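This report concerns only the one structure given below.
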Amino acid sequence: MRLTILGGGGFRVPLVYGALLGDRAQGRVRHVTLYDEDPGRLAAMARVLTDQAAGVPDAPAVTATGDLDEALRGTDFVFSAIRVGGLDGRAADERVALDLGVLGQETVGAGGIAYGLRTVPVAREIARRVARTAPDAWVINFTNPAGLVTEAMAEELGDRVIGICDSPVGLGRRIARLLGVRPEEAWIDYVGLNHLGWVRGLRVRGRDELPRLLADAAALESFEEGRLFGADWLRALGAIPNEYLHYYYFNRETVRAYQEAKQTRGAFLRDQQAAFYAEAGRPGLPPGAALAAWDRTRAEREATYMAENREAAGAGEREASDLESGGYERVALALMRAIARDERATLILNVRGRGLLAPLDADAVIEVPCLVDASGARPVAVDPLPYHAAGLVTSVKAVERAVLEAAASGSRADAVTAFALHPLVDSVAVARRLVEGYTAAHPGLSYLR
Ligand code: G6P
Ligand code: MN
């Protein structure tokens, strides 16, 4: 099996390669091609992977290229993990919105719309190139905003593109641990859009164990989502929301905390990563040093994840048990294995919903448990969402459709519509100012006229 990683110089690549190194099964990936536009980042990442592979027999071979068609030719799987506009772009997405008094965040609200408007044209072009150069390859999309970008790529690739995220699996695992249930044994009844979903139940041998957790305030407030949302609100919902819903349910508090922070998350990561890439790219680095620098940077990044949200919620520091990664790389590997070896697996993925989640249409990409095998990922039937959740999902899907439309038409008016329809943008006048601010800040949005 051959795997191509688009955004191959990206910071999370060693997570994926580490997972591949641990895979000894037949039909595993033997060749990884890293594609990136930035040769410096590519070289730094190649060093980290060399350090990871040291002493591992039969480690997958790694090649690096800046030529997209060369990267795609003959590949079986494409992981797309690009960041259009880089972390500078992310910082600007956050800043412009916060300065106008609305949430500035990577994937949620105005910031996510700006990021989507920059990314969709690039994702569509990649999808066309894959269709032409590697028509039989499966595309696993990590690129955010993951649901929207997956839907954009599906216009060309249909069900051969599958979006992934680590947050539903991380949430499911945290709930299972609290309930004393092995995650592999549990059916996690989760549905929504990417970064906008709810766990409504956790069934073990047919029995829903979630009510047991909802009844126990102490247990509820002992984990990340419990501390963010508070036991009372989780009980009112009768479900455990994805942590990203903190931006909706506590919008005022999160906006204020983000405005008061000394740096946005994007600006923090931009500085942190600049230091890492400089260090990992230094000439004459001894073996192991690039990996050590990466690992240090990763630990600091994870420990500070959503720090302002936790502060706004009075949630305190992250616990070690909450720090465990949701396993973004494990989801990717499990998905690839199920497809490549026809080993049936159940995974929460972003796929076209086939009309299973009312009132969304069949082409709308949703985040939902899927059965995966060699024929791809099939969403399972789910219970309907309650009105409040269906309403949010429908509003945000309408925004995503407006983004897809604006990216195709290149019309500023369409872009204004996308911002104005978002539940976290409280005025059409603000939507207009957001479009002005973002087009001024981002060269990647100069196509909007
Ligand atoms: C989670 C989400 C990703 C998101 C990331 C941001 O892993 O699932 O979609 O990109 O958090 O983390 P960061 O460290 O970049 O703020
Ligand atoms: Mn995600």
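The values are calculated or read from the model by the stated rules, or taken from the named source; none is laboratory data. Every value quoted in this text rests on a predicted model; they were computed, and no experiment measured them. Here Cβ is always computed from backbone atoms with ideal geometry, including for glycine, and neighbour counts include all displayed protein chains.
Worth a mention:
- Given (1) in a helix (DSSP H, G or I); (2) polar (S, T, N, Q); (3) within 16 Å of ligand 2 (Cβ to nearest atom), number of the condition GLN52 does not satisfy: (3)
- Any hit, the range 192-210, residues being of a type in the set (Val, Ile, Thr), out of contact with any Asp or Glu (no Cβ under 7 Å at 6 or more places or on another chain) and at pLDDT 95 or above: no
- Taking the criterion of being touching a strand residue (DSSP E or B) at 6+ places or on another chain (Cβ under 9 Å) and within 16 Å of ligand 2 (Cβ to nearest atom), the residues of the range 189-225 that qualify are TYR190, VAL191, GLY192, LEU193, ASN194, HIS195, LEU196, GLY197, TRP198, VAL199, GLU225.
- Qualifying residue in the range 401-413 (condition: within 30 Å of GLY27 (Cα to Cα) and not aliphatic (A, V, I, L, M)): no
- THR150 within 21 Å of ARG378 (Cβ to Cβ), hydroxyl-bearing (Ser, Thr, Tyr) and crowded, with 19+ Cβ neighbours inside 10 Å: yes
- Residue that is nearest to the chain's Cα centre (by Cα), among those in the range 189-212 that are crowded, with 23+ Cβ neighbours inside 10 Å and more than 16 Å from ligand 1 (Cβ to nearest atom): VAL191
- Residue check for GLU224: at pLDDT below 95, within 16 Å of ligand 1 (Cβ to nearest atom) and surrounded by 16 or more Cβ atoms within 10 Å (Cβ to Cβ): yes
- Residues located in the range 44-85, provided they are of a type outside the set (S, T, N, Q) and either surrounded by fewer than 16 Cβ atoms within 10 Å (Cβ to Cβ) or in contact with a Cys (Cβ under 9 Å, 6 or more places away or on another chain) (or both): ALA54, GLY55, VAL56, PRO57, ASP58, ALA61, GLY66, ASP67, ASP69, GLU70, ARG73, GLY74
- Filtering the range 245-254 to residues that are surrounded by fewer than 22 Cβ atoms within 10 Å (Cβ to Cβ), aromatic (Phe, Trp, Tyr) and either within 16 Å of ligand 2 (Cβ to nearest atom) or assigned to a helix (DSSP H, G or I) (or both) leaves TYR248, TYR249.
- Whenever a residue of the range 258-271 is closer than 15 Å to TYR305 by Cα and within 11 Å of ligand 1 (Cβ to nearest atom), its partners that are among the small types (Gly, Ala, Ser) and part of a helix (DSSP H, G or I), lying with C-beta atoms within less than 8 angstrom and at least six residues away or across chains, give the pairs THR264/ALA91; GLY266/GLY89; GLY266/ALA91; GLY266/ALA92; ARG270/GLY86; ARG270/ALA91.
- First in the range 84-113 and under 15 Å from ALA257 (Cα atoms), second anywhere and within 12 Å of ligand 1 (Cβ to nearest atom) and of a type in the set (A, V, I, L, M), Cβ under 9 Å, 6 or more apart: GLU94/ALA267; ARG95/ALA267
- Taking first residues from the range 177-197 that are more than 26 Å from ARG352 (Cβ to Cβ) and partners that are assigned to a strand (DSSP E or B) and at pLDDT 95 or above, the Cβ contacts under 6 Å between residues at least 6 apart in sequence or on separate chains come to VAL181/VAL204; GLU185/VAL204.
- Filter result for ALA257 (surrounded by 14 or more Cβ atoms within 10 Å (Cβ to Cβ), more than 16 Å from ligand 2 (Cβ to nearest atom) and not hydroxyl-bearing (Ser, Thr, Tyr)): yes
- Residue match in the range 116-132 (condition: closer than 22 Å to VAL16 by Cα, surrounded by fewer than 23 Cβ atoms within 10 Å (Cβ to Cβ) and acidic (Asp, Glu)): no
- Unmet requirement for ARG352, which otherwise passes all of (1) closer than 30 Å to LEU42 by Cβ; (2) surrounded by 14 or more Cβ atoms within 10 Å (Cβ to Cβ): (1)
- From ALA413, ALA440, ALA429, residue being more than 24 Å from the chain's Cα centre (by Cα), under 20 Å from GLY89 (Cβ atoms) and loosely packed, with under 15 Cβ neighbours inside 10 Å: ALA440
- The number of residues in the range 1-44 being among the polar types (S, T, N, Q) and either closer than 14 Å to TYR328 by Cβ or under 19 Å from the mean Cα position of the chain (by Cα) (or both) comes to 1.
- Condition broken by PHE229, with the remaining ones in (1) within 16 Å of ligand 2 (Cβ to nearest atom); (2) buried (at least 21 other Cβ atoms within 10 Å of the Cβ) satisfied: (1)
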